[in-house]
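Enquirer: Below is the structure I would like to discuss, written out as structure tokens.
The values are calculated or read from the model by the stated rules, or taken from the named source; none is laboratory data. Because the structure is predicted, anything quoted here is derived from the model rather than measured. Neighbour counts run over all protein chains shown; Cβ positions are idealised from the backbone, glycine included.
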């Protein structure tokens with residue numbers, strides 16, 4: 001094969017049919033489907049053709065590749081049949097990392113999901129009455145307990161849809177279809193994935209009525225904009241940015257009073273939405289659901305998989321009469337969630353009812369002190385056996401993420417990693433290539449690992465990955 005031209009190298013490649021008849025591949029077919037094995041063989045052959053075309057393979061290297069063809073097909077088959085969605089280690093220090101799935105679920109939620117997923121359930125069945133029931137009763141009863149300090153149980157209700165954008169859509173369509181919604185220009189936000197409040201309002205059938213300016217909106221701006229077509233006052237929490245300096249904004253209580261005077265409901269989109277006072281975690285300026293309802297907001301929308309620490313869901317809590325209207329909207333059926341989401345959310349809320357905040361990973365991560373994280377990092381350093389890897393502890397900050405508390409940071413200790421023969425980007429790539437993948441930060445030519453967002457059970461995996469790097 002020495003010195004063969006590209007056209008001759010291509011002729012050395014076997015056909016798929018020839019490969020399928022070889023003993024090694026034939027044994028694969030016995031344990032896997034023939035179509036999956038054939039697809040793997042085609043992928044491997046296509047890769048070899050590419051490498052020949054680009055000049056990466058000469059006659060000698062092609063010979064080696066052909067000798068290992070069976071193993072290459074086995075590896076390709078194993079890779080193609082492995083689930084694409086897989087666990088990763090979040091070492092970024094971003095607690096609610098949208099790209100990494102936001103809030104990890106409590107163990108109690110996983111246990112409850114396992115029970116519900118493998119059995120028939122009373123999702124929409126009233127066991128006592130022996131007839132059809134409503135699926136949202138399973139969590140509404142818990143929300144009533146959690147919100148009881150705000151109003152009597154029969155005055156507030158909560159329903160669940162598939163995310164907060166859906167919650168905003170349902171509320172606007174129910175309360176303001178073909179009517180006007182007044183909102184400050186400074187609150188017409190865009191968050192991740194090009195989700196824009198004005199676009200959602202358009203889809204809902206509501207008419208946007210902007211008031212004020214980007215940095216200053218007064219109560220008088222709302223008052224002047226109210227007319228016979230006004231159906232709703234909307235306040236949107238600027239969840240992923242802040243406006244500072246020469247600014248003005250009406251308080252929630254002022255908007256509540258205006259709404260009551262004019263007989264117009266006030267809705268607040270909190271975005272993240274916490275059920276506890278985050279000041280105890282050192283986080284300031286992030287409103288919570290109870291504060292809004294206590295102030296008199298009629299409907300609050302918020303996420304389930306952010307500060308609440310549960311599954312992806314959009315939650316609408318507020319006046320029972322308004323929530324009843326939303327439940328009757330045909331959109332509610334289109335946007336509703338399944339039994340697994342209800343199971344996960346129910347278990348998460350039970351931890352809140354029991355005040356067992358340690359059981360909720362999101363809150364647990366926020367509560368970790370800089371000293372606790374530093375001690376774990378020191379132990380991890382001692383377990384790394386790679387002499388080419390340089391590890392040092394430095395001060396740094398963790399962030400909440402997920403569009404929550406954009407100006408709040410949590411002091412932490414970072415593990416700064418450098419490697420003698422690798423750039424920071426290459427080192428980060430090696431960590432991502434480990435099993436499980438380790439996702440870290442790269443800053444100032446170093447890889448930074450923040451154990452705040454790493455489970456203690458995952459520390460050994462990080463140490464092993466750092467020890468294996470070559």
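Enquirer: State whether the residues of segment 297-316 include one that is more than 17 Å from residue 270 (Cβ to Cβ), buried (at least 22 other Cβ atoms within 10 Å of the Cβ) and touching a strand residue (DSSP E or B) at 6+ places or on another chain (Cβ under 8 Å).
Expert: no
Enquirer: Output the number of residues of segment 322-342 satisfying the condition of being more than 20 Å from residue 115 (Cβ to Cβ) and assigned to a helix (DSSP H, G or I).
Expert: Of segment 322-342, the ones more than 20 Å from residue 115 (Cβ to Cβ) are 322-336.
Then drop every residue that is not assigned to a helix (DSSP H, G or I), which leaves 322-328, 330-335.
Matching residues across segment 322-342 total 13.
Enquirer: Something else now. Going through segment 269-321 one residue at a time, which ones are without any contact (Cβ under 8 Å) to a residue 40 or more places away in the chain and in a helix (DSSP H, G or I)?
Expert: Answer for segment 269-321, where residues must be without any contact (Cβ under 8 Å) to a residue 40 or more places away in the chain and in a helix (DSSP H, G or I): 279, 280, 291, 321.
Enquirer: Looking at segment 32-52, which of its residues are over 14 Å from residue 65 (Cβ atoms), part of a helix (DSSP H, G or I) and out of contact with any helix residue (DSSP H, G or I) (no Cβ under 9 Å at 6 or more places or on another chain)?
Expert: Of everything in segment 32-52, just one residue is over 14 Å from residue 65 (Cβ atoms), part of a helix (DSSP H, G or I) and out of contact with any helix residue (DSSP H, G or I) (no Cβ under 9 Å at 6 or more places or on another chain), namely 35.
Every residue, every condition in (1) farther than 23 Å from residue 349 by Cα; (2) in contact with a helix residue (DSSP H, G or I) (Cβ under 9 Å, 6 or more places away or on another chain); (3) part of a helix (DSSP H, G or I); (4) not assigned by TED's automatic domain parsing to the domain that holds residue 400, yes or no:
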| residue | (1), (2), (3), (4) |
| --- | --- |
| 102 | no, yes, no, yes |
| 113 | no, yes, yes, yes |
| 121 | no, yes, no, yes |
| 129 | yes, no, no, yes |
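Enquirer: Let me ask you something else. What number of residues within segment 13-31 satisfy the criterion of being surrounded by fewer than 13 Cβ atoms within 10 Å (Cβ to Cβ) and part of a loop (DSSP other than H, G, I, E, B)?
Expert: Of the residues in segment 13-31, 2 are surrounded by fewer than 13 Cβ atoms within 10 Å (Cβ to Cβ) and part of a loop (DSSP other than H, G, I, E, B).
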